[in-house]
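Every number in this text was worked out from the coordinates using simple rules, so none of it is lab data. What you see is a predicted model, and the numbers here were worked out from it, not measured in a lab. Here the Cβ positions follow ideal geometry from the backbone for every residue, glycine too, while neighbour counts run over all protein chains shown.
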Amino acid sequence: MENLDQITTILEEYHSGSLFCLDIRRQLIADALPGDVPGSVSEMQCDESVLRRLEADLGKYQSYLSAVEFNWIEAAAKEMFITQALMTEDAPLTTDADVQRLSSLNLECEKQLQELQALIDRDEAEVLAMTEELEAGYDLTIKTCTQARKLTNEIADLELELNELKLNQTEDDADRMTITEVTQMATEYENQLQEMNKRLAANQSEVPRLKTLHSKETKVVEQLRAERHTLEKAEGDRRRTLTSQIRGGTLVKIEAGRTWLKSVRRTYEASLGISAIYFFGPTRSRPNKFHIKFTLRHPLEGTLVVNFKDSPLSGTRYISSAYLDQSSQDVEPIVKPFIAESDLTSLIGAVIHFLGQL
């Protein structure tokens, strides 16, 4: 505070109204010019060099005073240097209290600087995490768009194939049997053929024995031959009947249907994130159980188990139950409506949608 009072006094002495007082001018001229110093203003003569020095000194003092516009700590220190430069040539004196106060303030500023640096580091980490999340979202969006484009192309191919099948359909194809009916009929014909082969083998084994034991009974042998001929004819008729029923493009349509089913399954698996489907049962056409494995975005892996049973009325199979394997999630309320309707596709989609919201 004492230094501030001294600075204020000096500034008042350098006020514009008293700037050219005789004592100050006498001191400046004595420093600048050798020889006698004038005793009064009337005797004083100032040349251009003295005025330039005065102007330079004034600019220097103004630069000193402009430093006061900085923060209070720096301004106080510079005020002491200004006082020392204007009043005396001795070095500025700084007390221990000033040093202690400035040290405490410096420590406080360093602590604030560390806190600000920690805050900046935390913000940088958050920005980096947000950037990585945005990059992952961008990659996922690109992958989803690619799958959607692929799915659209496959759907268009299926529509073209369906239109070709409709154009190639004839009047005879209108009453064609379904794949299930053709499979059942083929199974029945195979059973009948096996039974006839057994009877034929039995009859052929009886012929030598009958010839030996009943050589005179040729009529019986002829009757057996006629029966054999009848059986062979019936077998040929059945083969021709089966061949005629599956002609006209039915086999081609069956293969086209299988190809279409595989394509639809691959498309469906790609759209829902299904990684694998396992069949359990005597045949793939009539499975007893499905294991459907899929991967969600979290990532979350799950296995949906779907059980089937035979319907005694319709002869087909229906969904009896569905649950998540090795999971604590209860999906019974979700799958119950679809089990009642035996809608496997909607059931899978509902389960995956439910797990995707967890």
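Placing R0 at 56 angstrom, the Cβ-Cβ distance between Lys150 and Cys109 gives a FRET efficiency of 0.35 after rounding to 0.05.
For Arg199, what charge total do you get from the other residues with a beta carbon under 12 Å from its beta carbon, if Lys and Arg give +1 and Asp and Glu give -1?
For residues surrounding Arg199, the net value is -3.
Checked against a 20 Å cut-off, the cross-linked pairs Lys198/Lys233; Lys198/Lys219; Lys309/Lys336 give Cα-Cα distances beyond that limit for Lys198/Lys219. Stretching Phe279 away from Arg52 to a fully extended chain increases their span by 71.2 nm, per 0.36 nm per residue minus the current alpha-carbon distance. Maximal additional length on extending the Arg317-His353 stretch stands at 10.4 nm, based on 0.36 nm per residue less the C-alpha distance. When each of Thr183, Thr241, Thr95 is scored by the number of other beta-carbon atoms lying within 10 Å, the sequence from fewest to most is Thr95, Thr241, Thr183.
Label-to-label distance, Ile334 versus Arg240, with points set 7 angstrom from Cα along the beta-carbon direction: 5.9 nm.
Here the simple spin-label model places points 7 Å from the Cα toward Cβ, and for Lys166 and Val127 these points are separated by 5.8 nm.
Backbone amide hydrogens, once placed in the peptide plane, bring Thr303 within less than 5 Å of Asp325, excluding anything fewer than 5 places away on its chain.
Applied to the range 329-335, the Karplus parametrisation 6.51 cos²θ - 1.76 cosθ + 1.60 on θ = phi - 60° returns per-residue 3J(HN,Hα) values of 6, 8, 10, 4, x, 7, 8 Hz, with x for Gly and Pro.
Computed 3J(HN,Hα) for the range 103-108, one whole-Hz value per residue from the Karplus formula 6.51 cos²θ - 1.76 cosθ + 1.60 where θ = phi - 60°, is 5, 4, 5, 5, 4, 4, glycine and proline marked x.
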